Amino acid sequence: MSRHVDRHDIQGIIASGYDHLNCARFILLRIEKPETAKRWLTGIARLVTCAEHPGGNKPRNCLNLAVTWKGLCALGVGQMLGDISHEFVAGMNRSEARSILGDSGESSAERWEFGGDTGDSQAIHLLVLLYGETLPDLESLHRTVCDTADFAEGLSVVKSQDSNRAPGDLTEPFGFRDGISQPPVRGLGGRRQATEPLINTGEFVLGYENELGYRTPIPSIDSWADPTGLLPDHPDYAGRRRGFGLNGTYLVFRKLVQKVDEFRAYIENQSRKAGTVDPRRRELLAAKMMGRWRSGAPLVLSPEVPGSEPRNDFLFMPTDPDGLACPIGSHIRRANPRDSLDMSPASSLQASRRHRIIRRGRKFSEPSANSSAQNPKYDQGLYFIALNADLRRQFEFVQQSWLNNPSFNGIDNDKDPIVGDNESDRGSFTIQSRPINERLSGLPRFVTVRGGGYFFLPGIRAIGFLARCQSEIKG
Amino acid sequence: MLVLADIKPDEHDALQRELEQIGIELQSRSDALFHRSATTHYAAWMILPGARDAHDASSAPDRLLLETNYDGQLEEHLSDLVTQCGSAIDRVYAHCQDYPAQGSRDPKVVEAFFRARHQDTSKMPTAHYVGLPGRSVPDIRNAIAVYEEAKDFLDRFDHASDVDSIERALVAHFRNSPASAPKRFAITQAGLRHLLVYNLILGFPLMIIYVLLNWAPLCLLARYFEGKEARNDRRHPPWDPTAHAEIYSHLDLAAQNHLCTVATVKPGWFRMLVAKRALALGRILASKFFILGRLDQMNTVHFARWILIGRELLFVGNYDGSWSGYLGDFSDQAWGVNLIWSNTIGFPPTRFLTRGGAQNLDAFETQALTHYAPAPVFYSAYPGYPQANIVRILEFRDALAKKLGI
């Protein structure tokens with residue numbers, strides 16, 4: 001069932017994190033006048049970055065666009081769609097998501113800055129992702145996209161959020177090198193390694209074969225709703241339906257606040273001996289919780305002495321089946337167990353390949369709510385962005401069954417030490433060791449959710465359809 | 001135990017509300033209802049649609065299913081339930097037809113009511129998988145208590161000690177009046193391993209012959225019927241999740257969850273035959289080979305039961321984790337799921353009975369969701385302990401008991 005991957009129709013953010021573009025802006029929009037919004041869409045559709053760069057040159061800025069379920073309905077398309085994801089429609093703030101995603105307590109949807117309200121008055125419809133090599137590059141793109149009459153009249157800005165990093169800075173706020181492990185995707189430039197074969201395109205782009213051997217259901221509309229043939233034909237309903245979702249994917253957007261001071265305080269307290277902090281133990285504890293040293297070197301390859309190479313070509317079972325180097329409950333072992341699940345290593349590798357996500361997050365730093373001129377305070381965190389074709393089997397599965405699962409892979413009662421929804425200081429973390437395991441207790445929750453939503457990242461032709469489709473609603 | 005009772009006409013909604021209320025009470029109180037029963041591993045109440053055969057959607061009454069997994073004899077278990085949960089039973093079955101007027105004030109009459117509606121699985125095609133065969137509730141609870149106490153004790157140890165002195169201290173702690181004394185029970189994992197080896201040596205050659213003589217022809221013959229069915233089946237319209245949104249909210253309630261589906265066997269003699277033979281195969285595999293806590297590869301299933309009532313295939317399962325993870329695990333070993341369920345209406349098409357079908361996880365999930373009966377009341381005697389962990393905990397307690405010379 002191999003199909004040529006149409007990189008011209010796939011938005012660029014799926015194929016690349018635009019590492020050379022250090023400035024980013026994420027704008028959440030609401031559609032106020034659908035017909036005007038569609039005119040705006042028509043204007044910017046040709047600017048949306050696709051996964052194929054002419055001449056191989058790296059652009060100085062990039063634009064991508066995603067839409068929510070409510071946004072699709074506001075544009076008159078939602079009601080026509082079949083085979084659309086339940087999680088996408090019901091939303092990240094639906095009631096059962098609380099336990100699935102661990103969005104409880106401080107992170108519960110009622111407290112979110114955006115995306116938590118189920119009402120229409122606070123609805124988010126669109127997400128515009130702007131990237132620039134420098135701030136002037138970003139601002140220039142911003143002006144082109146947002147300083148137009150159609151934009152001012154048809155849309156309102158719910159929230160605009162910036163992320164700027166120093167060139168070459170690839171760390172996240174706790175101080176760890178981030179973004180090392182990304183799934184190598186077939187057809188999108190993925191490079192296979194001995195420890196990691198390519199992952200099928202269909203895990204991350206709709207319309208292609210996934211790791212289960214078939215095509216994930218593609219959001220589709222009846223052919224009569226697309227008389228001019230703006231959309232590609234649906235591969236499974238030839239002639240009768242058109243593939244609105246072809247070459248698209250689902251995008252997870254979550255604003256995560258990281259409690260940097262609390263994290264530092266916790267590991268320092270745990271590494272005190274006779275009153276003074278032992279820096280070696282402090283670094284070791286931080287590494288045990290993450291699964292990598294702060295440099296990004298994996299514990300599996302550098303168990304005792306801090307390594308410096310952020311390598312990703314390793315497996316767990318050959319050298320570390322019992323978690324003595326990299327604890328079984330550590331963050332990277334939970335987020336991608338590779339060959340270490342409770343089954344044969346080959347089966348585990350196959351299973352792990354079915355629950356990968358592409359991560360495109362960017363870190364941020366903003367003044368806290370209680371910051372003042374005399375006493376400036378900053379919140380640091382991550383705009384977590386993930387791309388996957390199946391929200392339930394990929395993003396939500398990893399959150400529920402691996403990260404926040406207190407019984408992950410045979411563990412007794414620990415959640416992820418870095419991102420898990422540990423309940424107010426009752427969390428624990430087991431470090432496998434000889435002769436007996438070490439158990440850290442009193443682990444608080446270090447990462448809280450302050451907003452989020454599920455989006456659909458359409459193919460380029462689908463964006464054109466959104467801009468030009470005949471809708472039944474008046475606007 | 002499976003007890004099916006007809007619901008009084010027009011009382012479906014009232015009963016649903018009653019069950020939801022009881023479900024809340026069960027979650028919030030640790031002494032309510034099934035918590036008081038010493039013989040119940042799992043219990044669930046769910047409403048099933050009226051029985052229908054493949055040819056017409058007749059207006060048979062909706063039914064209430066009570067499903068329990070228990071220790072010992074049925075008589076003692078019934079008596080235990082009626083005694084401990086009498087008032088809840090009265091509230092629930094007041095909505096069902098022919099429930100005795102005096103209710104649990106006269107326990108014998110209620111027990112007779114249940115016995116009359118009990119689905120006697122020795123007389124119908126059925127398959128029953130038990131994750132921890134032969135283990136009683138007291139056995140499992142003792143192992144858990146001993147394990148937790150040992151963990152707390154070991155937390156206080158300094159890492160510099162060596163293995164032998166730690167082990168000596170642990171054994172000494174449990175010898176000198178611990179809070180939970182390890183007990184010896186009849187079944188041990190080691191004993192089950194021996195039994196499995198014995199079964200494999202005796203049974204494996206027989207199984208090969210059985211598979212060749214029985215299943216090879218069936219799988220080949222199936223191709224004819226599969227082809228016929230493909231020509232007759234209409235193409236499914238795309239799934240519209242907005243039309244079925246409320247189903248999802250019942251699915252993932254806790255670390256351990258319940259799944260009940262009701263499907264109808266396709267018309268014709270072939271499909272009925274395959275369904276019965278598939279259940280017979282399931283019975284052999286579950287009782288002789290899948291006895292160490294894994295249903296083939298899956299170690300997240302506590303109990304799973306299939307039963308054919310007329311042309312209705314009823315499935316009830318208690319498992320760890322999320323419903324989609326559970327179905328995903330089943331989909332990974334789709335041959336078994338396909339053998340049983342490909343005989344039912346609406347199941348994704350198979351090839352040679354074992355290929356295809358549930359391998360399409362999205363289609364399999366859609367099938368499960370459209371045939372799903374939520375259980376507003378769900379009880380577990382050991383919530384928070386996955387199947388795989390309990391196996392380890394049992395081995396630990398058994399090893400400790402051996403060291404103590406019990």
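Every number in this text was worked out from the coordinates using simple rules, so none of it is lab data. Computed from a predicted model, the values in this text were never measured in an experiment. All Cβ positions, even for glycine, are placed from backbone atoms using ideal geometry, and neighbour counts span all protein chains on display.
In percent, how large is the relative contact order of chain B, given Cα pairs closer than 8 Å and 6 or more residues apart?
The normalised contact order for chain B reaches 24 percent.
Under 17 Å Cα-Cα from B:Lys183, which aspartates and glutamates qualify once same-chain neighbours fewer than 8 residues away are excluded?
Cα-Cα hits under 17 Å: B:Asp139, B:Glu148, B:Glu149, B:Glu395, B:Asp398.
Between region B:188-221 and region B:39-112, what is the separation of their alpha carbon centroids in Å?
What the calculation gives is 36 Å, centre to centre.
For region B:243-301 and region B:340-406, what is the separation of their C-alpha centers, rounded to whole Å?
Region B:243-301 and region B:340-406 have Cα centres separated by 8 Å.
Per the Kirkwood formula on distinct C-alpha pairs, the Rh of chain A is how many angstrom?
23.3 Å
Using alpha-carbon positions, what is the distance between the centroids of region A:83-156 and region A:244-287, in Å?
Region A:83-156 and region A:244-287 have Cα centres separated by 25 Å.
Name the shape class, rounded, prolate or oblate, that the alpha-carbon gyration tensor gives for region A:227-304, where a ≥ b ≥ c are the square roots of its eigenvalues, rounded holds for a/c under 1.5, and otherwise prolate holds if a/b is larger than b/c and oblate otherwise.
Taking the square roots of the gyration eigenvalues as a ≥ b ≥ c, region A:227-304 is prolate.
If I take all pairs of Cα atoms in region B:230-292, what percentage of them are more than 15 Å from each other?
Value for region B:230-292: 76 percent of Cα pairs lie more than 15 Å apart.
What number comes out for the charge environment of A:Glu113, summing +1 per Lys or Arg and -1 per Asp or Glu over other residues with Cβ under 15 Å away?
Here the count lands on -1.
I'd like the orientation of helix A:279-290 relative to chain A: the angle between its Cα long axis and the longest Cα principal axis, in ° from 0 to 90, rounded to 10.
The angle comes out near 40 degrees.
Roughly how many debye, to the nearest 20, is the charge dipole of chain B about its Cα centre, given +1 on each Lys and Arg Cβ, -1 on each Asp and Glu Cβ, and no other charges?
About 1500 debye.
Which value results when the Cα radius of gyration for region B:172-326 is divided by 2.2 N^0.38 Å?
1.44
Considering chain B as a Gaussian network with a 10 Å cut-off on Cα pairs, which listed residue, B:Ala388, B:Ala51, B:Ala190, attains the greatest mean-square fluctuation?
Comparing B:Ala388, B:Ala51, B:Ala190 in the GNM, the peak value goes to B:Ala190.
Using the per-residue mean of other Cβ atoms lying within 10 Å as a proxy for protection, in what order, highest first, do the peptides A:60-66, B:226-232 fall?
Averaged packing, sorted descending, gives the order A:60-66, B:226-232.
Explain nothing, just the number: dipole magnitude of region B:2-119 about its Cα centre with +1 on each Lys and Arg Cβ and -1 on each Asp and Glu Cβ, in debye rounded to the nearest 20.
It comes to approximately 160 debye.
Using the reciprocal of the averaged 1/r over all distinct C-alpha pairs, how large is the Kirkwood radius of chain B in Å?
With all distinct Cα pairs of chain B included, I get 23.2 Å.
Could you give the angle, 0 to 90 degrees to the nearest 10, between helix B:387-404's Cα long axis and the longest principal axis of the Cα atoms of chain B?
Around 30 degrees separate the two axes.
Add -39500 (n - 2.57) for each DSSP H run of 4 or more in the protein assembly as shown, then divide by its residues: what number comes out at 222 nm, to the nearest 500 deg cm²/dmol?
Theoretical 222 nm ellipticity from helices: -9500 deg cm²/dmol.
Could you tell me the relative contact order of region B:2-119? Use alpha-carbon pairs under 8 Å, at least six residues apart, and round to a whole percent.
Once normalised by length, the contact order is 35 percent.
Using a basic spin-label model with each label point 7 Å from the Cα along Cα→Cβ, how many nm lie between B:Leu200 and A:Leu324?
2.7 nm
For B:Ile201, A:Ile358, A:Ile180, which order do you get if you count the other beta carbons within 10 Å of each Cβ and list the fewest first?
The order, fewest Cβ neighbours first, is B:Ile201, A:Ile180, A:Ile358.
Return the inverse of the average 1/r over all pairs of distinct C-alpha atoms in region B:315-382, which is the Kirkwood hydrodynamic radius, in Å to one decimal.
Over region B:315-382, the inverse of the mean reciprocal pair distance is 12.7 Å.
Once both axes come from the Cα atoms, what is the angle between helix B:189-210 and the longest principal axis of chain B, in degrees from 0 to 90, rounded to 10?
30 degrees
Let me check against my output: what whole-number percent is the relative contact order of chain A, with C-alpha pairs under 8 Å and at least 6 apart?
With pairs under 8 Å counted, the relative contact order is 23 percent.
Equivalent-ellipsoid semi-axes (√(5λ), Cα gyration tensor) for region A:1-160, whole Å, largest first?
Equivalent-ellipsoid dimensions as semi-axes: 27, 20, 18 Å.
Using the Cα gyration tensor of the protein assembly as shown, with a ≥ b ≥ c the square roots of its eigenvalues, what is the shape: rounded (a/c below 1.5), prolate (a/b larger than b/c) or oblate (neither)?
oblate
Classify region B:2-119 as rounded, prolate or oblate, taking a ≥ b ≥ c as the square roots of the eigenvalues of its Cα gyration tensor: rounded when a/c is under 1.5, otherwise prolate if a/b is larger than b/c and oblate if not.
Cα axes put region B:2-119 in the prolate bin.
So how do B:Ser380, B:Ser28, A:Ser95 line up by other beta-carbon neighbours within 10 Å, fewest first?
Fewest-to-most ranking of B:Ser380, B:Ser28, A:Ser95: B:Ser28, A:Ser95, B:Ser380.
Arranged by the count of other C-beta atoms within 10 angstrom, fewest first, what order do B:Met272, B:Met298 take?
B:Met272, B:Met298
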